[in-house]
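The values are calculated or read from the model by the stated rules, or taken from the named source; none is laboratory data. All values reported here derive from a predicted model rather than from experimental measurement. Positions of Cβ are generated from backbone atoms using ideal geometry, with glycine treated the same way; all protein chains shown enter the neighbour counts. The protein model used for the area step is the full one, side chains on, heavy atoms only, and it has no ligands, DNA or RNA in it. Shrake-Rupley method; radii C 1.70, N 1.55, O 1.52, S 1.80 Å.
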Amino acid sequence: MRKFLALLLLVIVCFGFATRLTILHINDTHGHAWAFSESGNPDIGGFAAIATIVEEVRKEVESQGGHVLFLHAGDLNTGVPESDQLDAAPDIVALNMMKLDAATFGNHEFDKPKTTLARQMKLASFPFVCANFADPEEIIKQEPYIIKDFENLKVAIFGLTTEETAILEPIHLNGATFLNAIETSKKLVPELRSKADVVIALVHLGWEPQGEGKTTSRELAQMVSGIDVIVDGHSHTKFDEAQIVNNTIVVQAWEWGKYVGRLDLEIQDGKIVSWNWRPIPVNLKIYKGKDDSGKDIYEYAEKPYTENFYVRTVLSYFKSLGSEKLDAVIGETKIILDGERTNVRARDTNLSNLICDAMAWKTRADVALTNGGGIRASIKSGKVTIRDVLTVLPFGNTLYVIKMTGKEIMEVLNYAATIKEGQGAFLHTSGLTWKSVAGKVVEAKINNEPIIPEKIYTVVTNNYMAQGGDGYTMLKDLPGYDTGFRMDSIVVEYIQTALNGLIEDYDSNPRYIRE
């Protein structure tokens, strides 16, 4: 008993003056300000439920003398029509109400002109931090870092955005660049260590390898000492536990607000003496099997969270704007049109084929090319609405027509053959079938005829790829023109006109065979 009391006293002495810092974080919400349904879960996520979580944690921690930070690791934009049409105003207003402390830029913050992002930043009552973004036009004027002073604790938060943004989002950058994340951090972190007790990197880099010249959060932790915590986004990684790399804690909270990450730190004399991280499921349910009647049974992973009344009310108002147009029925499909992320970034699907066929149909092109990363959702069987199509194609890309020689088309295929499965640059086609072995093109045909190197073909792609997006730089300087036709609009027209508003089946045969 005496040994136990002595140990308890030692713990009290050691930790009696420690300060609690709790970091709540989300990332890659992509317009999911409202609860949504997925795989038997009718009301996943939503900022109103997340607001309740934030409020509960703040009350708990602050009542114990601790401090709470709420952070967003980028990609507020692009994914839900009600948000996309309003340039993420619903999301930002809700985050203002939740008193978000800081966000960093995701690559999808650059889907639209920089003036749009500048307006978003003006609307936000929280700062956007990014140390490796440079804009010569000075339209975007972000802070590289902020210092949160809690009187007994100073916390530095600096931001980083993936260098891959220059490849993924080239259309609207107009000379803006993303400096190397590691080199930027090596210069900045020593300065921040002299100003703060805790240094947090709020980054949109991604955990998994992204390719040469594109820093991951793992590499940042490995190569830069002095960062206490990395709050990550971009790769949509479902962490079950925090990662420790070079004494740095790395966390990420999956996607779409399905989780809120919670990292509790105990800090004494400027050092983290203990910590704990866990993902908080936001009204997620787990499949438990079937009942006696054969009906699927789901149970909440943890307790369900009610929606904050004020946040819900504001978001309900935003959702009502334009809903009548979005819910207009354009046709019906008897089958699921497959646009799942893992599928369209690895193989042809019936939906990717339909989109490419619509592009070729509208422009009477010989070949249509589009990237899997531009296809963001599936369409369920049943009535098809404009909302469904906008959810699939949320970027507002337009059709771009190019005259290309067979040789130039082969250059595109030679690049596409090197793209790893799972990358947004995975190529989908219409009018063109091809095959690669070990990353080398071994066969390619246009309209079932071998490609003739010197022949001129009409090719339609999206304006994103036409300007070098996803690494398709060989398309950038070729003669062509932007039709102004939005991809979502031509898919709507194709379903209504070419398919007479009814899809009973659709070609899902592979147009690209990879061995």
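Things to note:
- Against the chain, whose longest principal axis comes from its Cα atoms, helix 309-320 is set at around 10 degrees.
- Here each label is just a point 7 Å from Cα along the line to Cβ, and for residue 273 and residue 497 those points are 7.2 nm apart.
- Two-decimal Rg/Rh across the chain, once Rg and the Kirkwood Rh are taken from alpha-carbon atoms: 1.01
- Charge sum, other residues only, whose C-beta stays under 15 Å from residue 196's C-beta, Lys/Arg counted +1 and Asp/Glu -1: -3
- Helix 47-63 axis, angle to the chain major axis (alpha carbon atoms, nearest 10°): 20 degrees
- Ranking 298, 226, 239 by how far each Cα lies toward the positive end of the dipole of the range 225-384 (charges on Cβ) leaves 298 at the top.
- Farthest toward positive dipole pole in the chain [+1 Lys/Arg, -1 Asp/Glu at C-beta], among 272, 462, 437: 272
- If R0 equals 45 Å, the separation of the Cβ atoms of residue 325 and residue 513 corresponds to a calculated FRET efficiency of about 0.65.
- Expressed as a whole percent, the proportion of Cα-Cα pairs in the range 350-418 lying more than 21 Å apart is 34%.
- Within the range 81-95, backbone nitrogen closer than 16 Å to the virtual label 7 Å beyond the Cα of residue 317 toward Cβ: 86, 89-95
- In the structure shown, the pairs 141/476; 362/383; 141/403; 122/325; 112/271; 148/285 are assessed against 30 Å; a Cα-Cα span above that value is assigned to 141/403; 112/271; 148/285.
- Of 90, 115, 74, farthest towards positive along the dipole that unit charges on Lys, Arg, Asp, Glu beta carbons give the range 72-124: 115
- Low-density loop cleavage sites - trypsin sites (Lys or Arg not before Pro) in the range 70-146, where at most 12 other Cβ are within 10 Å (DSSP): 141
- Rg and Dmax, both from the Cα atoms of the range 25-140 and both in Å, are 15.1, 48.
- For the chain, size of Cβ-based charge dipole, Lys and Arg +1, Asp and Glu -1, in debye: 500 debye
- Annotation: the antiparallel percentage among DSSP beta bridges lying fully within the chain is about 65.
- Normalised per residue, the volume of the convex hull around the Cα set of the range 410-474 (Å³): 92 Å³
- Simple spin-label estimate for residue 240 and residue 293 gives 3.4 nm between the two label positions (7 Å along the Cα-to-Cβ direction from each Cα).
- Summed over the residues of the chain and divided among them, the accessible surface reaches 44 Å² per residue at a probe radius of 1.4 Å.
- Accessible-area rank, largest first, for 309, 36: 309, 36, with all protein chains present and a 1.4 angstrom probe.
- Cα convex hull of the range 94-188, projected area averaged across orientations, nm²: 6.8 nm²
- The antiparallel fraction among DSSP beta bridges confined to the range 142-212 stands at about 40%.
- The helix-only estimate of mean residue ellipticity at 222 nm for the chain, built from DSSP H runs of length n ≥ 4 each weighted as -39500 (n - 2.57), is -8000 deg cm²/dmol after division by the residue total.
- Carbon plus sulfur fraction of accessible area for the range 437-515, probe 1.4 Å, in percent: 48 percent
- The range 317-470 shape via C-alpha gyration tensor axes, a/c threshold 1.5: prolate
- Counting heavy atoms of the protein chains alone, residue 420 has an accessible area of about 150 Å² for a 1.4 Å probe.
- Considering only beta bridges that DSSP places wholly inside the range 21-96, some 25 percent are antiparallel.
- GluC sites (Glu not before Pro) within the range 230-332: DSSP coil, no more than 15 neighbouring Cβ in 10 Å: 241, 302
- Debye-sum result for the range 214-290 in log10 I(q)/I(0), which assumes one identical scatterer on each alpha carbon, at q = 0.16 Å⁻¹: -0.65
- By average C-beta atoms within 10 angstrom, highest first, the peptides 274-283, 230-239: 230-239, 274-283
- Relative to the current alpha-carbon distance between residue 364 and residue 222, full extension at 0.36 nm per residue lengthens the span by 46.0 nm.
- Relative contact order of the chain, defined on C-alpha pairs under 8 angstrom at six or more residues apart (%): 14 percent
- Relative to the dominant Cα principal axis of the chain, helix 350-363 is inclined by about 50°.
- Computed label-point distance, nm, for sites residue 208 and residue 177 using a 7 Å Cα→Cβ extension: 3.0 nm
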